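The values are calculated or read from the model by the stated rules, or taken from the named source; none is laboratory data. Since the structure is predicted, the reported quantities are computational estimates derived from the model, not experimental observations. Here the Cβ is made from the backbone with ideal geometry for all residues, glycine too, and neighbour counts use every protein chain on show.
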């Protein structure tokens, strides 16, 4: 495989052609925040939190392949400020109240607030009031805690092959749905495999009846699963 | 269809569009005021159109104009050929029209018998 | 018998809306009744341009151009013009400033300054008759391409012509072709993007309605050049007439051997499918459009990979806008040098614009690139109606920028517009006058893009929403000084970090109005004053006691009884608390005694 | 050296943040020597001292007219304002009523409640605002202490830094909500 030399944050780094900036950064211990990225499924560049500066252009590191002589900056002032603003927008559009969330302490969004040093949300909160769908016997979805990363949609389609999850509506009313927007309990395509639960970065999709201590998600489950399949 | 056939269609079809091109060499203007029509201008026009069509003339447009104040000479027809003086014919009939097409439009010789005016 | 008159009835969608079909059937009846059917041919054409004045008729020879024709005018037109040769003067186009009646289409200033290449056939031929297209040289370019030119030569011609994408971004078309041609892989796809979603834009629609074969021919030439055998035209369902005419044209082309397995008996195979979109604005973005063609939800994908590498169903895909396709046959016929000489060196050729808003002549115009905004708005567009003052022009649709009067002499080309914070976009030009509030305008456009955001990426989905909320706060009179900085920083973030062109350009109306009309934002926030007297929260109606004649008209129309008084005993009183600012009183007052004021009282 | 004047306010919140403040163990002893605790739910003082204070910690979200008045007063009379705990920083639990009809809420709780004899409390209880807001949406705030409640360690770290005239360096886990 072709070897590529590039710079990340000034460090000379060697990578394989075809790798993404995010993969290479991770391998070299350089932390780039992510939310919609999930090992084992296709990257879509939806959350925009992994933006980096490549020769003055902002690109999502999860979808951009490394190139020879690339000069990648992961921590410029605009990059950090924009990431923080994006995170604030996410907090403001949902109802991410950690204090009584079953994922409190095991939530990627909550961790991002620490990582990105989000002191306060500078835009008004919208306090949405969506109905919680608890019609599925084992799982429930609280759409107010959904960040629309689409990890459930991708894992359901690309790993489980069930295609239960999808998107509906658009703009600020966009939401994830099961089958043709029926209650999850009525979604005939759902195999109840639970991969969406493990993949959901927040407390939006969770196991019913799980206590806070029990609801620790295995986000690496999907990655391990697909890796094993490839090796078979 | 081959390219040659396409070009044949174009030859044929572009005649159909000749009116819209505005590049006719010859313009036949028929006086179609009330007195012109009363004197038979409609038949004259029909004859012009028919004869032009039969002879497959593509650079001629036939148009009409209003009253010219020459009631006694109606139907009046002007023939304008690019680069030549305007020739006006009076007291036209369908037969005369056909002669004008053959002699003037095709052969380029004004039919002096019916000419009432040459100008320009 | 030979025809002597061709009567062209504009059947573009705008004229259809103003009942051109009734005019046409009235004409048919009257011509038939007078026994003129053999001499006069009625032709339905695509859009002629001045949509404001429809239904319009164009009569050849002579090029007489009638505007605002109603079925009642038909008898007179046939009697006076068709029979007696006297054009009906009252239906001719009178230009207001010169009080001049134009006897012929070519004398009308609206047409005089235009240079029609892409739209040359629109309004001049019957779009449902392939022979009329062929008569204008149609499919000759395809014939020559297939028989005389190699794919490489064609691509070189395109590159040399300098043609740039007419969908908005202005990417060099020839380079796109080259990228796709260089891709290995058996299956390649050619796509026409006719998903025109800008409010007020109808360039693509008019082209498909008026000259669908030119798009088909352009796509077929490209398919040969890049090695594709399959193509899609993506049109929105709101364009039923365009879809119908396009489908008719495809059928005719197939029957004539101009599409299908053995085109012009050269062995080259290419066919087209029409894909009808549901009308989401974002589907005009090429990756979302491709997703939609594949049957997926119309959401954009990150680039790279670009469609030229991996497009429809993962195949290398050449995607161009309808207007771009309309240019191809002319470039192949007349050569790269001919095309490069039109317009400006950086942006050669012409551009079609949909002119709308506060301008006398609204409609479709085609001008060489480099024509100034002033020429388009004042010479072709006839200036601002009702003696009002020009305030701004917005180019590029809802995500374009607003340009103030001081830049009216800017030549229209990709780079010049970008420098001003606007964009070429697909070619919408919206003119605004002194009665337009720029904050309200920014809000209007953002409302559109916010609503049309697909919801995939956070900056566009949530960022435009926050910006819209701020604009609403300001127009509601609740703005704070800090809101201007908030708007600007949110706008820059959304523009810099959004996934696709929709989000990247959505803040343009806000950022450009902040830049050029910042004083209006300031006035809204600090003085609660709306200069244009548009924002209902900051205007008040007041009766001028000196002018009031106590005629009682205002009191009777007020829907909320905010006005009191006794007939004959001036002045009347208007209670500002009760008033809902509907404006009816000011409309009916015969003495102009009711003034609209804005701004804090002090 | 004169003591630093500190106030604390308790808006719509559960008092957990104040509990956490009292939970900073031996740091309390140090604080007792360095600060003068003015008006606070844990003192008998209910009004700001003449001349204002150096620091005010606000627990809870701004949910009623009295709190709206107080938060503005606090801003005027404090050099430094700290949003103290998730309710003050985000709206948190009190914010969940946003989107509900406040009149109906009052009617349901007081009108139909068994302990209130169906009497609406508007003569004694301040009117609810239409919308519960975090403190910084109403007035500018200098520092934010996250957590429900903020961990005593974070509170101590922030206050001690301020007493030393430094900017509290809150980072990483210090910024954890919930």
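A single entry from C:69, C:9, C:56, C:43 fulfils the requirement of being within 26 Å of residue B:54 (Cβ to Cβ) and either surrounded by 19 or more Cβ atoms within 10 Å (Cβ to Cβ) or within 14 Å of another protein chain (Cβ to nearest Cβ) (or both): C:43.
With the structure loaded, tell me whether residue A:195 is more than 30 Å from residue D:62 (Cα to Cα), in contact with a helix residue (DSSP H, G or I) (Cβ under 9 Å, 6 or more places away or on another chain) and at pLDDT below 95 or whether it fails that test. Criteria not met by residue A:195. Identification of strands (runs of 3 or more DSSP E) wholly contained in the stretch C:228-301 with 2 or more residues that are more than 18 Å from residue C:207 (Cβ to Cβ) yields C:260-263, C:268-277. Only a single item in (1) assigned to a helix (DSSP H, G or I); (2) within 14 Å of residue C:83 (Cα to Cα); (3) in contact (Cβ under 8 Å) with a residue 24 or more places away in the chain is not met by residue B:19, and it is number (2).
Among the residues examined, residue A:25 qualifies as surrounded by 12 or more Cβ atoms within 10 Å (Cβ to Cβ) and touching a strand residue (DSSP E or B) at 6+ places or on another chain (Cβ under 8 Å). Within the stretch C:311-325, count every residue that is in a helix (DSSP H, G or I) and closer than 20 Å to residue C:153 by Cα. So the answer is 2. Looking across B:44, B:29, one residue alone is outside any helix (DSSP H, G or I) and closer than 14 Å to residue B:100 by Cα. It is B:29. Every test in (1) touching a residue at least 60 places away in the same chain (Cβ under 8 Å); (2) touching a strand residue (DSSP E or B) at 6+ places or on another chain (Cβ under 9 Å) is passed by residue C:139 save one, and that test is (2).
Of everything in the stretch A:23-55 that's outside any loop (DSSP other than H, G, I, E, B) and touching a helix residue (DSSP H, G or I) at 6+ places or on another chain (Cβ under 8 Å), which residue is nearest to the other protein chains (Cβ to nearest Cβ)? Only one residue tops the list, namely A:51.
Restricting attention to the stretch A:56-113, the residues being surrounded by fewer than 19 Cβ atoms within 10 Å (Cβ to Cβ), more than 17 Å from the chain's Cα centre (by Cα) and either within 14 Å of chain D (Cβ to nearest Cβ) or part of a loop (DSSP other than H, G, I, E, B) (or both) number 9. Flag: residue C:27 matches the condition of being at pLDDT 90 or above, surrounded by 17 or more Cβ atoms within 10 Å (Cβ to Cβ), more than 14 Å from every other protein chain (Cβ to nearest Cβ) and within 30 Å of residue B:26 (Cβ to Cβ). Scanning the stretch D:14-39 for residues that are in a loop (DSSP other than H, G, I, E, B) and on the phi < 0 side of the Ramachandran plot returns D:14, D:22, D:23, D:24, D:26, D:38, D:39.
For the stretch B:98-120, give me the residue count where each residue is in contact with a helix residue (DSSP H, G or I) (Cβ under 7 Å, 6 or more places away or on another chain) and not in a helix (DSSP H, G or I). Working first, answer last.
Pass one, the stretch B:98-120, residues in contact with a helix residue (DSSP H, G or I) (Cβ under 7 Å, 6 or more places away or on another chain): B:98, B:101, B:109-111, B:114, B:116.
Applying the additional criterion that residues be not in a helix (DSSP H, G or I) yields B:109-111, B:116.
Qualifying residue count, the stretch B:98-120: 4.
Could you list all residues from the stretch B:27-36 that are at the interface with chain C (Cβ under 10 Å from one of its Cβ atoms) and touching a helix residue (DSSP H, G or I) at 6+ places or on another chain (Cβ under 7 Å)?
Step one: of the stretch B:27-36, the residues at the interface with chain C (Cβ under 10 Å from one of its Cβ atoms) are B:27-34, B:36.
Once the filter is applied, which keeps residues that are at the interface with chain C (Cβ under 10 Å from one of its Cβ atoms) and touching a helix residue (DSSP H, G or I) at 6+ places or on another chain (Cβ under 7 Å), the stretch B:27-36 yields B:28, B:30, B:31, B:32.
Within the set B:84, B:16, B:103, B:74, the sole residue that is surrounded by fewer than 22 Cβ atoms within 10 Å (Cβ to Cβ) and within 13 Å of chain C (Cβ to nearest Cβ) turns out to be B:16.
Which ranges mark the helices (runs of 4 or more DSSP H) fully within the stretch C:75-192 that have 3 or more residues being more than 12 Å from chain B (Cβ to nearest Cβ) and at pLDDT 95 or above?
On the way: elements: C:109-112, C:130-135, C:140-148, C:151-161, C:173-182.
Where helices (runs of 4 or more DSSP H) fall fully within the stretch C:75-192 and carry at least 3 residues being more than 12 Å from chain B (Cβ to nearest Cβ) and at pLDDT 95 or above, they are C:151-161, C:173-182.
Quick check on the stretch D:89-109. Is at least one of its residues outside any helix (DSSP H, G or I), away from every other protein chain (no Cβ under 14 Å) and either over 29 Å from residue D:177 (Cβ atoms) or more than 15 Å from the chain's Cα centre (by Cα) (or both)? No, the stretch D:89-109 contains no residue that is outside any helix (DSSP H, G or I), away from every other protein chain (no Cβ under 14 Å) and either over 29 Å from residue D:177 (Cβ atoms) or more than 15 Å from the chain's Cα centre (by Cα) (or both). Residue check: residue A:158 meets all listed conditions (1) within 19 Å of the chain's Cα centre (by Cα); (2) away from chain C (no Cβ under 14 Å) but one, namely (2). Is there a residue being assigned to a loop (DSSP other than H, G, I, E, B), modelled with pLDDT of 95 or more, in contact with a helix residue (DSSP H, G or I) (Cβ under 7 Å, 6 or more places away or on another chain) and more than 14 Å from chain D (Cβ to nearest Cβ) anywhere in the stretch A:118-135? Yes. Residue count for the stretch D:143-178, restricted to those that are farther than 20 Å from residue D:94 by Cβ, touching a helix residue (DSSP H, G or I) at 6+ places or on another chain (Cβ under 9 Å) and touching a residue at least 40 places away in the same chain (Cβ under 8 Å): 10.
Of D:117, D:98, which residue is surrounded by 16 or more Cβ atoms within 10 Å (Cβ to Cβ) and over 25 Å from residue D:155 (Cβ atoms)? Break it down stepwise before answering.
On the way: D:117 fails: surrounded by 16 or more Cβ atoms within 10 Å (Cβ to Cβ).
When all the criteria are applied, what remains is D:98.
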